[in-house]
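**Q** This is the structure I want to talk about, given as structure tokens.
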Amino acid sequence: LLEMQNNFLCEKASGVLTNVPGPVHERQMNGAVIEEIAVFVPAVSSIGMTLATFTYGQMLSVGLVLDQAVPCSAEDVLDAFVHELEAYEAMVAEEEVPKEKEE
């Protein structure tokens, strides 16, 4: 079954994007607070790009795997991601501003 799923994914996908919500509060391991989490989606076969996001507390981690054949750099992809995230945050902030009542 796993091989069949991998074959289907590799024949049909050129990229994978995932968003995994993590814990809202800090976690500990052996008494030490976990400060950062590295996240990535392993690229398989012909998939040219994988991008994963993971939230932990107030932090968003982004993992990116980019094949050499993709005609842009990782920095270009991450810059575009940050631009879209900032635009989304601005849109949300705009909606949160209470509208003045029309008289």
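**Q** Note down all Cβ pairs under 6 Å where the first residue falls in the range 13-37 and is of a type in the set (D, E), the second is modelled with pLDDT of 90 or more and outside any loop (DSSP other than H, G, I, E, B), and they're at least six residues apart or on different chains.
**A** Matching pairs, first to second residue: E26/V33.
**Q** Could you say whether any residue in the range 85-102 is within 18 Å of P42 (Cα to Cα) and open to solvent by less than 100 Å² (accessible area, probe 1.4 Å)?
**A** no
**Q** For the range 41-52, state whether one or more residues are in contact (Cβ under 8 Å) with a residue 12 or more places away in the chain, among the hydroxyl-bearing types (S, T, Y) and more than 15 Å from V20 (Cβ to Cβ).
**A** yes
**Q** Filter the range 14-70 down to residues that are of a type in the set (S, T, Y) and farther than 18 Å from E84 by Cα, then give me how many there are.
**A** Count: 4.
**Q** Which one is farthest from G22 (Cα to Cα), of the residues in the range 61-103 that are free of Cβ contacts under 8 Å to residues at least 24 places away in the same chain and assigned to a strand (DSSP E or B)?
**A** L66
The values are calculated or read from the model by the stated rules, or taken from the named source; none is laboratory data. Just so you know, these numbers come straight off a predicted model, no measurement behind them. Backbone-built Cβ (ideal geometry, glycine too); neighbour counts: all protein chains shown. Heavy atoms of the whole protein, side chains included, go into the accessibility calculation; ligands, DNA and RNA do not. Shrake-Rupley method; radii C 1.70, N 1.55, O 1.52, S 1.80 Å.
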